[in-house]
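Heads up, the thing below is written out as structure tokens.
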Amino acid sequence: MFNLIKMDLYRMFHSVSTWVILAFTVGIAFFCTVMTNMDLDAIAQDPAYAVQMEEEIQTETEGNEDREMGLYTETDPEWVIGKIDAGEFISSQLVSGLLVLLCVIFAAVFVNAEQKNGYIKNIAGAIPNRGALALSKLAALAVQTAVMIALFAVSETVLGFILWGERFTVNVTADLLVFFGTQYLLHLGFAALMMFLCILTKSSAFGMTAGILMTMGIFVPFYSIINRAVYEIRPSWEFDISLYMLDGNIGLAGLGADADVMVRAAAVGAAFIVLCALFSMLILKRRDVR
């Protein structure tokens with residue numbers, strides 16, 4: 001098992017797609033920081049713009065059912081003249097789902113690459129338990145996800161100091177560590193889901209498309225239909241299926257969220273990781289390698 005993990009890590013770090021994704025991670029971090037700075041300049045020049053943004057933020061946080069489709073980040077109007085906390089700033093970017101897109105793309109490309117180059121066919125016959133192949137890929141995805149989140153946070157922090165100087169502050173607190181840990185589980189949960197879909201369908205296109213659509217919030221109307229059906233059956237049961245899905249928790253598990261929200265989000269991320277790994281192992285055990 002340890003040798004399998006080493007081989008997948010070697011394959012990952014010697015793959016061009018890995019470094020391309022890391023370059024895009026830095027690029028997106030810089031883009032988000034620059035766009036936030038432009039938003040702050042616009043707020044400073046037009047107070048009415050700040051009022052509009054506050055109303056939009058309030059509307060978005062009134063309830064999970066009001067979530068909009070697509071990706072968007074929030075700029076706190078108080079950052080115009082006040083201190084900009086690095087944790088709050090990075091949180092506003094991660095909960096938008098921008099980094100999840102890169103995790104989805106990388107996982108689909110990495111997992112399905114071995115189907116094209118014959119890697120799995122050459123090695124599967126020498127492994128007593130083919131299910132271990134899924135665990136080794138999950139270990140590689142876990143490392144890549146951690147590197148991406150760390151690189152994204154560091155890139156935004158560096159550019160934040162460059163753009164805002166002393167107004168940009170870094171405070172490492174327990175809440176910040178809990179936030180990063182929860183977001184890591186959710187992002188890795190997305191990567192594990194892509195691994196399962198790619199192994200199931202033997203297609204990176206299917207897994208990547210499904211992951212992107214999920215990240216963009218395309219499934220929100222379907223969640224509403226399910227919630228309505230449950231309500232018709234049991235009106236007293238306040239059920240929201242999105243609270244038990246990855247995309248429904250990414251945006252909720254921000255810095256400063258309630259403890260029960262963070263616990264539920266971490267549990268959802270961990271559950272997806274475990275279940276997707278188990279199902280992937282089962283498929284690899286039963287499927288003939290070709």
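The values are calculated or read from the model by the stated rules, or taken from the named source; none is laboratory data. None of the values given here were measured: they were computed from a predicted structure. All Cβ positions, glycine included, derive from the backbone under ideal geometry; neighbour counts span all protein chains shown. The area values use the complete protein model at the heavy-atom level, side chains included, leaving out ligands, DNA and RNA. Shrake-Rupley method; radii C 1.70, N 1.55, O 1.52, S 1.80 Å.
Listing for the model above:
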{"read-out": "Breaking point among (1) crowded, with 20+ Cβ neighbours inside 10 Å; (2) part of a helix (DSSP H, G or I); (3) not β-branched (Val, Ile, Thr), for residue 78", "value": "(1)"}
{"read-out": "Count of residues meeting criterion [among the polar types (S, T, N, Q) and touching a helix residue (DSSP H, G or I) at 6+ places or on another chain (Cβ under 6 Å)] in region 198-212", "value": "1"}
{"read-out": "Top-ranked residue in region 204-258 [being β-branched (Val, Ile, Thr) and over 18 Å from the mean Cα position of the chain (by Cα); ranked as most open to solvent (accessible area, probe 1.4 Å)]", "value": "233"}
{"read-out": "The listed residue being assigned to a helix (DSSP H, G or I), modelled with pLDDT under 95, among the β-branched types (Val, Ile, Thr) and open to solvent by 10 Å² or more (accessible area, probe 1.4 Å), out of 109, 154, 158, 147", "value": "109"}
{"read-out": "Positions within region 223-271 being part of a helix (DSSP H, G or I) and of a type in the set (Gly, Ala, Ser), in sequence order", "value": "224, 229, 242, 248, 259, 265, 266, 267, 269, 270, 271"}
